[in-house]
Amino acid sequence: MMQRVTVAVVVMAVGAWGWAAHAEAQTNFSGTWVQASSGGGAAGGMGGGGRGRGMGMGGAFGERVVVTQDATTLKATNTQPDGTSTTFTYLLDGSESRNSVPGRQGGEPIILVSKATWAGDKLSIATTINLAFGGNAMTFQMTDVLSLDGDTLTVQSTRSGMRGGEPTVTVSTYKKAQ
């Protein structure tokens with residue numbers, strides 16, 4: 001019986017060590033980032049703007065974004081050229097995060113429902129938006145994959161196609177502001 005308890009304790013300890021090592025290995029995307037390039041496809045979906053403003057991040061990754069990250073959340077604040085800014089918060093444990101953006105022409109806010117998951121050192125943020133235009137319900141799916149290589153942040157955005165069309169993929173790179 002003592003041998004079984006010892007084996008169980010060892011298995012739990014190894015599992016906890018593996019989890020802790022994984023948690024420590026997560027990439028930290030914190031910093032002020034300035035867009036260096038954007039390309040790979042036309043702006044599709046919901047007002048992507050063509051400047052790397054992935055709606056999967058709710059427009060959080062525009063020309064300049066400040067990212068803060070801790071063990072449980074990633075916050076991205078995008079300041080537009082007109083001075084307005086919006087902050088999006090994503091839970092890093094895979095649970096649902098809710099953010100909103102202003103509706104068009106003063107309409108109801110648009111709710112973005114996201115789940116952030118880790119795949120090695122990359123962070124994938126999958127977002128669903130349900131909208132109604134003229135009484136027609138529409139659902140958009142967007143996924144942003146963030147990766148870091150030194151002082152270069154890459155955001156690969158995939159947006160579902162309009163009315164069942166092909167998805168749009170854009171890749172934007174950002175340099176850390178000095």
Students often forget the sequence filter, so: which aspartates and glutamates lie under 13 Å Cα-Cα from LYS115 once same-chain residues fewer than 8 apart are removed? ASP93, GLU96, ASP144
Could you give each residue of the stretch 125-132 its phi-based ³J(HN,Hα) in whole Hz, using Karplus coefficients 6.51, -1.76, 1.60 with θ = phi - 60°, and x for Gly or Pro? 10, 9, 10, 10, 10, 9, 10, 10
Built amide H within the under 5 Å cut-off of ILE110, gap 5+: VAL101, GLY103
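Quick note: the coordinates plus some simple rules give every number you see, no bench work behind them. As the structure is a computational prediction, the values presented were derived from the model and not from experiment.
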